[in-house]
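Here is the structure we will look at, set down as structure tokens.
The values are calculated or read from the model by the stated rules, or taken from the named source; none is laboratory data. Nothing here was measured: the structure is a model prediction, and the numbers come from that model. Cβ: placed from backbone, ideal geometry, glycine included. Neighbour counts: every protein chain shown. In case anyone asks, the SASA skips ligands and DNA or RNA and just uses the protein heavy atoms, side chains included. Shrake-Rupley method; radii C 1.70, N 1.55, O 1.52, S 1.80 Å.
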Amino acid sequence: MSDSAPQLLRHHRPFLAFWLARVFTASGFQMLTVAIGWQLYQLTGNVLDLGLVGLVEFAPRVLFMLHTGHVADRYDRRKVAALCQSLQALIAVALVVGSASDSVSREMIFILAFLLGATRSFEMPATQALLPNVVPPGLFPRAVAASASATQAATIVAPAIGGLLYAFGSIWVYGPTVALYVIACALTLSLDARQQVPQRGRASLESLLAGIRFIRSRPDILGAISLDLFAVLLGGATALLPVFAKDILLTGAWGLGLLRSAPAVGALLMSVWLARFPFERKVGRTMFTAVGVFGVATIAFGLSTSFWFSLAVLVVLGAADMISMVIRSSFVQLETPDEMRGRVSAVNGLFIGASNQLGEFESGVTAHWFGTVPAVVLGGVGTLVVTGVWIKLFPTLAGRDQLHSKPGG
């Protein structure tokens with residue numbers, strides 16, 4: 001219990017490589033997201049397009065859901081993740097070429113967003129299922145928090161850097177992401193992970209349903225990931241940050257980078273805390289409280305006209321979301337056999353993708369219908385309503401005391 005995140009990194013070299021790979025992958029993706037969102041809004045000036053990008057990125061998770069988890073269970077997860085990272089590097093190369101030739105268009109951005117979503121839909125279950133092969137079960141909750149701290153640290157720095165670099169031109173953002181993805185690919189291939197249990201057979205509906213049945217057989221897991229799905233889907237406002245930066249808070253690309261980084265600041269601080277002091281008691285009550293705080297922070301952000309106050313509430317929002325993520329990830333991975341971790345992670349990833357990318361589409365549509373501020377405020381209220389309903393639907397989750405049910409897990 002006294003081990004901290006630095007001690008975890010020092011004593012487990014494979015995890016250090018995994019940790020660094022997550023830093024570079026997250027940095028590349030965040031820089032791409034900032035640049036694509038800002039460039040698209042400059043091209044069209046249409047807030048609905050910002051939501052459509054989220055929908056386009058989410059679509060591959062549905063289209064390929066029969067295959068993503070099966071691939072993670074059947075093939076070497078390191079090679080699967082590395083291949084996905086190399087393909088994302090090629091997407092960044094395409095954006096470099098497009099920017100250099102001044103040929104980036106709305107249609108091109110949507111096509112590349114779809115390809116980016118496709119590669120990430122295969123990378124996520126492979127990466128999530130790989131982590132338990134890198135660290136022993138006793139350290140897994142800390143590893144989840146420490147891994148999250150890596151991605152959140154990158155999410156703090158990368159969007160701000162992306163926003164600053166964009167002032168010199170989009171090519172200055174897309175270019176470095178190529179190198180980031182290449183480094184992540186090399187680190188992933190260098191991992192010395194414990195051998196995974198191979199899953200034989202062809203991808204099928206039965207293969208997908210195995211993951212769904214497993215989640216349904218654990219009401220606490222089902223409640224946790226579905227709570228995250230609906231709460232973040234309604235409360236997510238990240239797709240609208242370019243609108244807030246430009247039209248409401250009256251800042252530029254640099255301000256957008258800081259706004260995108262702010263939730264990661266809170267998430268990083270919380271993940272560092274959880275890496276040293278993992279949850280032991282009253283985890284159900286803690287998770288529901290955190291989701292409620294997420295909803296309140298969303299409302300406060302929607303009503304704010306102060307740039308610095310908006311940054312502050314986004315920090316709180318990110319910290320609250322991190323609590324839910326660590327609890328959910330620990331549930332799913334620790335209570336899933338290795339031979340089906342990829343398929344269960346694929347289903348979990350579908351929930352995560354729905355809450356993030358589909359949430360961006362929902363935000364874009366409601367902003368188009370009702371206006372940007374009402375859309376965000378209504379989303380925060382919806383999150384609070386969902387929290388109350390889920391407490392009634394999943395009473396054992398709300399009253400859950402232990403983080404995981406297996407002693408010593």
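Of the accessible area of the range 203-408, computed with a 1.4 Å probe over protein heavy atoms only, carbon and sulfur atoms account for 70 percent. As a ratio to 2.2 N^0.38 Å, the alpha-carbon radius of gyration for the chain is 0.92. Find which of Ala92, Gln333, Ala17 sits farthest along the positive direction of the dipole of the chain, computed with +1 on the beta-carbon of Lys and Arg, -1 on that of Asp and Glu, about the Cα centre. So the residue furthest toward the plus end is Gln333.
Over the range 203-408, accessible surface divided per residue gives 39 Å², non-protein components excluded, 1.4 Å probe. When the helices of the chain are scored as -39500 (n - 2.57) per DSSP H run of n ≥ 4 and the total is divided over every residue, the value at 222 nm lands at -26500 deg cm²/dmol. If you roll a 1.4 Å probe over the range 10-192 with all protein chains in place, what percent of the accessible area is carbon or sulfur? The nonpolar share, carbon plus sulfur, comes to 70 percent. Across the range 103-183, counting alpha-carbon atoms alone, Rg and Dmax equal 16.3, 52 Å. Once the gyration tensor of the Cα atoms in the range 30-184 is diagonalised, the equivalent ellipsoid follows with semi-axes of 29, 18, 14 Å, ordered largest first. Once the 1.4 Å probe is applied to the protein heavy atoms, the range 10-192 comes out at 37 Å² accessible per residue. Rounded to the nearest 20, the size of the Cβ-charge dipole of the chain about its Cα centre is 1000 debye, with Lys and Arg at +1 and Asp and Glu at -1. Near Gly223, within a Cβ-to-Cβ distance under 14 Å, what is the net charge of the other residues, with Lys and Arg +1 and Asp and Glu -1? So the surrounding residues net to +3. Under conditions of 10 °C and 1.306 mPa s, the range 203-408 yields 90 µm² s⁻¹ as its translational diffusion coefficient, taking Rh as the Kirkwood radius over Cα pairs in the Stokes-Einstein equation. Only helices reaching 20 angstrom along their own axis (Cα) with mean Kyte-Doolittle hydropathy no lower than 1.0 count here, and for the DSSP H runs of the chain these are 47-63, 77-100, 140-166, 171-189, 219-235, 253-276, 283-303, 307-334, 372-393.
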